[in-house]
Amino acid sequence: MAEQSESGSDRISGGGRGRRRRRPTPRRRALTIAAWSAAGVVLAGGAGLGYVYFKLNGNIKGVDINAQLGTDRPQDVDNGSMDILVLGSDSRAGANKEYGKDDGGARSDTAMVIHVYEGHKTASVVSIPRDTLVTRPSCTTTGGGTDPGGKRQMFNTAYEVGGPACAVKTVEQMSGIRMDHYIEVDFTGFKKLIDELGGVPVTTAKPIKDTKSHLDLPPGKHTLNGEQALGLVRTRHGVGDGSDLGRIQLQQAFIKALIERVKGVGVFTSPTKLYGLADAATKAITTDSDLNSINKLIGFGNGLKGLGADDVHMVTLPVMYDPADPNRVLPQQAQSQQVWDALLKDQPIPASATKDSAGDKGDAGTVVKTG
C-alpha cells in the first residue's frame, strides 16, 4: 500500500508540463514580511538613504539557485502568477544552539509553497509536512559530491543533503511547478523580527504547554514576543496529537496573525519603526540571488501591500499516515495532483483536494486565532 502511494508521488513530478513565464519586474514580486519592511525603509528613508542601502544590503544572504540547478527544471510560466518556496531552517548552530544539539547539519523545519495569483490580490499557501516520504532527486551535496536520492526519503532531508538548491529541486519534482523565488528564515532571526514588531497578538482557545519549545500559554489573549512566537510555531507536543501535522496547523494560524500585525503597525508610516524592522528582517533571511538586494526587494514587498490574512488560503499537502511507519506520511496521489494542477493553472485549490487528508483533520488550527 505504501509503495503504491509512493509511486503516485513519483508520477507527480511533471517536469515537462510547465509554462513559459517572463521574469517578473521588481514591482511585481511579492509575499514576504522581510520584503514589506525593507521596501518601506527605502520608500520612506529620505536623507541618509545611502547608509540604509549599504547596511541592509550587507545583511542579506543570497543563493544562486538558477546556476546550481541549470536547465533540469520545469519550464517557467508567463501568466502573471508567482511561486515561492519558503523554508524555516532548524539549524542548532551558533545563536540557535539553545534549541537543541548541533549535529552538524540543518533540515527544513517548515516548508511552504506560496502561490501568488495573477493580479497579486490573493494567494494560496501549501505546507509540506517535514515527515513526508518522497522520491528525492539526485542532488549536489553541500560538500560538492553527489547524493543519488531515492524513494521513501523524508522531505526535510533534501535541505540537509544539498541545501536550498536540493530543497527547491525536490519541490519542483513533486509539483511540476518551477519556483520563482526561495526564502529561508532561521530561528534567531525570526525571534528578533517578532520583537521588532512589538509582538504578535493572538487568542488561544486552550492551554498550550511544551517544555521542549519553551512555551506555556494559558487560554486567552496574548501578545507573543519573539521567544513565545518561535515556541508556538515549533511546538508539536503542546496541542493536538503531537504530530507535525498539528504543528503545521498552528503555523498557518500564526502566519495569518503575523500578516495582520504587519498591516497594523504602521510599516509604511514610521521610518524609525521601518528601519528596525527591516534590519531584523534582512538579517533573518537567505534568498535566491534574484532577491538578495534592497533594490530587488522593493517591488517584491510593494506588490503585497494590499494582501491581508483573509486573502491567503492555507492548506496542507494532502497526505496519509504511512502504514509501515505511523511517524511518517505519504502524499495522497490524486488529491496532491489536484493541488498542484490548480496552482499550475493559476486557479483556487478545490476543497475536494484536502477533505480526506490527514493534514486536514484535528483541531490544532482552531486553538490559535488572530487578536
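The values are calculated or read from the model by the stated rules, or taken from the named source; none is laboratory data. Source: prediction; values computed, not measured. Neighbour counts are summed over all protein chains in view; Cβ atoms, including those assigned to glycine, are modelled from backbone coordinates with ideal geometry. What goes into the accessible areas is simple: the full protein's heavy atoms, side chains included, and nothing from ligands, DNA or RNA. Shrake-Rupley method; radii C 1.70, N 1.55, O 1.52, S 1.80 Å.
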Margin query: I need every pair where a residue in the range 321-336 that is closer than 21 Å to Arg236 by Cα has its Cβ under 7 Å from the Cβ of a residue that is open to solvent by 60 Å² or more (accessible area, probe 1.4 Å) and among the aromatic types (Phe, Trp, Tyr), sequence separation at least 6 or different chains.
Written below: Val329/Tyr321
Check: Looking at Val168, Val161, Val125, Val134, which is the one that is touching a residue at least 60 places away in the same chain (Cβ under 8 Å), in a helix (DSSP H, G or I) and either touching a strand residue (DSSP E or B) at 6+ places or on another chain (Cβ under 7 Å) or at positive phi (or both)?
Finding: Val168
Notebook entry, point to check: Any chance the range 123-133 includes a residue that's open to solvent by 30 Å² or more (accessible area, probe 1.4 Å) and of a type in the set (Ser, Thr, Tyr)?
Noted result: no
Check: When only residues in the range 361-371 that are modelled with pLDDT under 80 and open to solvent by 10 Å² or more (accessible area, probe 1.4 Å) count, which is nearest to the chain's Cα centre (by Cα)?
Finding: Gly365
Checklist line | Candidate set from the range 137-158 (those that are within 16 Å of Asp325 (Cβ to Cβ) and in contact (Cβ under 8 Å) with a residue 40 or more places away in the chain); member that is most open to solvent (accessible area, probe 1.4 Å) | finding: Lys151
Notebook entry, point to check: Restricting the search to the range 200-257, which residues are modelled with pLDDT of 90 or more, in contact with a His (Cβ under 9 Å, 6 or more places away or on another chain) and hydroxyl-bearing (Ser, Thr, Tyr)?
Noted result: Thr203, Thr204
Margin query: Against the condition modelled with pLDDT of 85 or more and surrounded by fewer than 17 Cβ atoms within 10 Å (Cβ to Cβ), how does Asp288 come out, does it pass?
Written below: no
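Kindly evaluate Gly94 against the criterion of being at positive phi, among the small types (Gly, Ala, Ser) and modelled with pLDDT under 85.
Taking the combined requirement at face value, the residue satisfies it.
With the requirement that a residue be among the small types (Gly, Ala, Ser) and open to solvent by 30 Å² or more (accessible area, probe 1.4 Å), what does the range 190-249 give you?
Result: Gly198, Ala205, Gly240.
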